[in-house]
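Structure first, commentary second.
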Amino acid sequence: MHDKALCEIRRRHEDKCEKKFCAIDGGMRERSMNIKMRILWLCNIMLPAIAESLELPYSNREGWLTGIYERMSKDDRKQVELGICFPVERLEGKLKEQDGRWMLGSTVCYAFEENLNSPEKYDESMEARFSDILKDFVPDVVHIFGTEFPHTLAMTRAFGRPERILIGIQGLCFACADAYMADLPEYVQRRRTFRDWIKKDGIIEQQEKFRLRGEHEKQAIRNAGNITGRTVFDREETKKINAHAKYYHMNETMRYNFYDGKWKMEESVPHSIFLSQGDYPLKGFHYVLLAMPKILSEYPDAIVYVAGNSIIADGTMKDRIKISSYGKYLKRLIREYGLKDKVKILGKLSAEEMKRQFLKSSLFICPSSLENSPNSIGEAMLLGVPAVAARTGGIPGMLGDGTEGLLYDAGNVDKLAEAVIKVWMNPEEAEKRAEAARKRAYRTHNGDANYERLLEVYREICE
């Protein structure tokens, strides 16, 4: 049966209210008198609600997507008919039984196969899968969350309607590639450990993978007529690639856990520093280690806690075999500066565990060589945790220097150390800045306001 005929049958079954006809792509399909927008999301992960319905494991990453989905599901106005597509390693089990398509309430869910372990590789077969999804759902707008994976490019090619494509900028791979080395010594950049050699994943190769991802990213941005972002940095960078795309300012909503709770100095561990991650050079963990001698000269009890996987473990032979060149460099800094008891790797943390660590830390640092609008800073601001961050990318527009936190020139470890010391030497001022940051964050990351803004963007694109 013809694809459009199938689509019309499905629409007749799902929509019982009074209807009218409207032209779509030269054809006709039925829509209610109260015209709804058919929005197809392309996500980087399977949303937890979808995974739970299929009894599958899921990731807590990009938790803000769940927030938008829940608001949309509970919105009595029902302005949006939603479809969601997401990558899986393989279509198997219930996914395969249903050909990767099923209903979750009124939401149509689609799975597609993609190797997320090699995001630098483009798989043309995704275009065919997306073509099938697009024929089935017939969206008014395709909203793509992020440009980090090649499925973004595949979807823009499959849809082929730039004026109805909306890309939401998260990070920018091509910019990250340029900043990836983060002032590492050249010998560290070029060195390859056994693990690096076996996996063909030394630091130079890692940077090259970001460059390849960046090329796909640029092509996708050129194919889009609409872009959402939230910083001067992402606006300027995307404009260089596609000056004709319409840019919409769209603030992000954080994970719901971080809207409850408030940092209190007396309940934090004195002189404790928290980093949200540090397992590759761009995130700047080594800058903090280089700054520690100066920090310790003023505060000998200072300690650093780092969330995420440990790349410096060496307790077993397997750990030693798996160490990367960057991990080896971090271990050398820890050894040379006597920091063995001053660094604690916390492992992968849930949202609630992250929140607890924020609240018990006396200071949060974002030392990255480049960031657009890191959620970790937004989360720290919401909780009112004193923050120090590198002046890079979109951060200066997110955290006011001297009024909401302290910024330092990216890569300047002396200035980083001085900022940390300043926070601890003037705790009352630090608290004032943190409270100002908290008030701003509650405005910027207001979930209801951001949801209404999203609907406004959808309506404008559909006009």
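The values are calculated or read from the model by the stated rules, or taken from the named source; none is laboratory data. On a predicted model such as this, the values are computed, not experimentally measured, just so you know. Every residue, glycine as well, gets a Cβ built from its backbone with ideal geometry; the counts of neighbours run over all protein chains shown.
General observations
- Scan of region 235-249 for residues that are surrounded by fewer than 18 Cβ atoms within 10 Å (Cβ to Cβ) and assigned to a loop (DSSP other than H, G, I, E, B), ordered by number: 243, 244
- Output for region 81-101, where each listed residue is over 24 Å from the mean Cα position of the chain (by Cα) and touching a residue at least 12 places away in the same chain (Cβ under 8 Å): 81, 91, 93, 94, 95, 100, 101
- Residue ranges of strands (runs of 3 or more DSSP E) in region 349-455 with at least 1 members hydroxyl-bearing (Ser, Thr, Tyr) and under 30 Å from residue 68 (Cα atoms): 361-366
- Looking across region 204-217, just one residue is of a type in the set (Lys, Arg) and either surrounded by 20 or more Cβ atoms within 10 Å (Cβ to Cβ) or touching a strand residue (DSSP E or B) at 6+ places or on another chain (Cβ under 7 Å) (or both), and that is 213.
- Checking 394, 411, 405 one by one, the residue that is surrounded by 14 or more Cβ atoms within 10 Å (Cβ to Cβ), touching a residue at least 12 places away in the same chain (Cβ under 8 Å) and within 21 Å of the chain's Cα centre (by Cα) is 394 and no other.
- Test: residue in region 424-432 that is free of Cβ contacts under 8 Å to residues at least 24 places away in the same chain and under 24 Å from residue 233 (Cα atoms): no
- Criterion (among the aromatic types (Phe, Trp, Tyr), under 25 Å from the mean Cα position of the chain (by Cα) and farther than 17 Å from residue 38 by Cα) met by exactly one of 159, 145, 130, 149: 149
- Against the conditions (1) under 19 Å from the mean Cα position of the chain (by Cα); (2) modelled with pLDDT of 85 or more; (3) more than 23 Å from residue 163 (Cα to Cα), residue 63 satisfies every one except (2).
- Entry remark, region 84-103: residues being under 26 Å from residue 68 (Cα atoms), assigned to a helix (DSSP H, G or I) and basic (Lys, Arg) number 1 in total.
- Region 179-203, residues that are over 21 Å from residue 319 (Cβ atoms), in contact with a helix residue (DSSP H, G or I) (Cβ under 7 Å, 6 or more places away or on another chain) and surrounded by fewer than 16 Cβ atoms within 10 Å (Cβ to Cβ): 190
- Per the conditions (1) modelled with pLDDT of 95 or more; (2) closer than 30 Å to residue 376 by Cβ; (3) not β-branched (Val, Ile, Thr), the sole criterion not satisfied by residue 116 is (1).
- Test: residue in region 147-168 that is in contact with a Gly (Cβ under 7 Å, 6 or more places away or on another chain), in a loop (DSSP other than H, G, I, E, B) and among the β-branched types (Val, Ile, Thr): no
- In region 278-312, the residues that are surrounded by fewer than 19 Cβ atoms within 10 Å (Cβ to Cβ) and at positive phi: 308
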